[in-house]
Amino acid sequence: MDWQDLRIFLAVARAGTLSGAAARLGMSQPTMGRRIRALEDSTGQKLLHRGPEGFQLTDEGASVLLHAERMEEEALAIERQLAGHGADLQGLLRVSCSDWFGLHVLSPVITEFVGRHPGVRIDLITDVRFLDLDRREADLVFRIRPSESPGVVQRHLMHMSYALYGPAGVQGPATGNGADIKLITLNTAFEDLPDVHWLRSTFPSGIFTLGSNNRDVQARLCGLGAGFAVLPTLLGDHFPGIERHDLEPPPPGRDVWFVYHQDLRGLARLRAFLDLVIEKLGGRTTHAGAAPEPFVTPALQVKDR
């Protein structure tokens, strides 16, 4: 039984389609189909049934899945252990964050880092999901809340302030009723976030005209005159066509955390990148050139964000 065939089996079982699994593993669909058939031939069992809604596990496939997942965990642990001892500033580093943070905050730091260390390639993955560090979907993530996954190293990096922005040259609103004030906010899936609550309480009669989960889209709509928006000041203060309006109380700020798997503690390129990130972005608890003083999430915490 070939481990690579089991790896393909796991991807197809999780995705439900060859196309989804192929995109995840970077392989062609015909190759994956051949490898699934080879695995079934080697086991003498039909493991996947193809139906109108994609691939479904047979009873035999479901029993194999449990063992294959445990094999995967061990294989990934070996990969992380070996990667965590990489002492050279060479190779790939996968970094994940939100889209606006990657564009406006991390991009200058990444540019400086790869200029200093041309042997390191950084893949910046902008995604609202907290990518799976166990499976190395990312090596390092930046998020506005800490992870609850076991076995990760994490640290508070910085605090971000938020403010109200409007189209350039347009008088800002006063706090109060907010009648006839057009507001741009996050889409309905994010209505529980603090800045949305602040808008509702500050302008209870305001008109919510537009919503987007993309902060750059919100800023662009604001600049085009569609309304007022709460934005991170790291974005809004430098975005063309909009102006900041300081109100009391201001919108609540957010904290930024960085998180990585504890097995990668010794990865030289990760440590070097974090040193530069802390130097450029670190808050009051950090100082230039400081090595991170992280804590490890206890193994008792088993649920991810």
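Numbers at a glance
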quantity	calculated
Members of region 38-51 that are modelled with pLDDT of 85 or more and either of a type in the set (A, V, I, L, M) or open to solvent by less than 40 Å² (accessible area, probe 1.4 Å) (or both)	ALA38, LEU39, GLU40, LEU47, LEU48
Meets criteria (within 21 Å of LEU270 (Cβ to Cβ), within 19 Å of the chain's Cα centre (by Cα) and among the small types (Gly, Ala, Ser)) for ALA189	no
Contacts under 7 angstrom Cβ, first residue in region 250-262 being in a strand (DSSP E or B), partner open to solvent by 10 Å² or more (accessible area, probe 1.4 Å) and among the charged types (D, E, K, R), 6 or more apart	TRP257/ARG143; TRP257/ARG145; TRP257/ARG155; PHE258/ARG155; VAL259/ARG143; HIS261/ARG80; HIS261/ASP134
PHE101 vs. criteria touching a helix residue (DSSP H, G or I) at 6+ places or on another chain (Cβ under 9 Å) and within 21 Å of ASP255 (Cβ to Cβ)	yes
Criterion (within 23 Å of LEU106 (Cα to Cα) and acidic (Asp, Glu)) met by exactly one of GLU279, GLU191	GLU279
Matching residues, region 264-274, being modelled with pLDDT of 85 or more, open to solvent by less than 50 Å² (accessible area, probe 1.4 Å) and not aliphatic (A, V, I, L, M)	ARG269, PHE273
Pair list, Cβ < 6 Å and 6+ apart or interchain, from region 58-74 residues that are in contact (Cβ under 8 Å) with a residue 12 or more places away in the chain and within 17 Å of LYS46 (Cβ to Cβ) to residues that are open to solvent by 40 Å² or more (accessible area, probe 1.4 Å) and of a type outside the set (A, V, I, L, M, F, W, C)	THR58/LYS46; THR58/HIS49; GLU60/GLN45
Filter pass, THR111 being within 21 Å of LEU235 (Cβ to Cβ), β-branched (Val, Ile, Thr), surrounded by fewer than 16 Cβ atoms within 10 Å (Cβ to Cβ) and over 11 Å from the mean Cα position of the chain (by Cα)	yes
Residue among LEU157, LEU234, LEU140 that is over 17 Å from the mean Cα position of the chain (by Cα) and either within 30 Å of LEU124 (Cα to Cα) or hydrophobic (A, V, I, L, M, F, W, C) (or both)	LEU234
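For (1) over 24 Å from the mean Cα position of the chain (by Cα); (2) modelled with pLDDT under 85; (3) surrounded by 12 or more Cβ atoms within 10 Å (Cβ to Cβ), each residue gets a yes or a no:
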position: ILE8; (1), (2), (3): yes, no, yes
position: ALA21; (1), (2), (3): no, no, yes
position: GLY26; (1), (2), (3): no, yes, no
position: ILE36; (1), (2), (3): yes, no, yes
position: GLU53; (1), (2), (3): yes, yes, no
position: ASP59; (1), (2), (3): yes, no, no
position: ALA68; (1), (2), (3): yes, yes, yes
position: LEU76; (1), (2), (3): no, yes, yes
position: GLN81; (1), (2), (3): no, yes, yes
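The values are calculated or read from the model by the stated rules, or taken from the named source; none is laboratory data. Since the structure is predicted, the reported quantities are computational estimates derived from the model, not experimental observations. Note: ideal-geometry Cβ built from the backbone for every residue, glycine included; neighbour counts use all protein chains shown. To get the accessible areas, we keep the full protein, side chains included, count just its heavy atoms, and leave off ligands, DNA and RNA. Shrake-Rupley method; radii C 1.70, N 1.55, O 1.52, S 1.80 Å.
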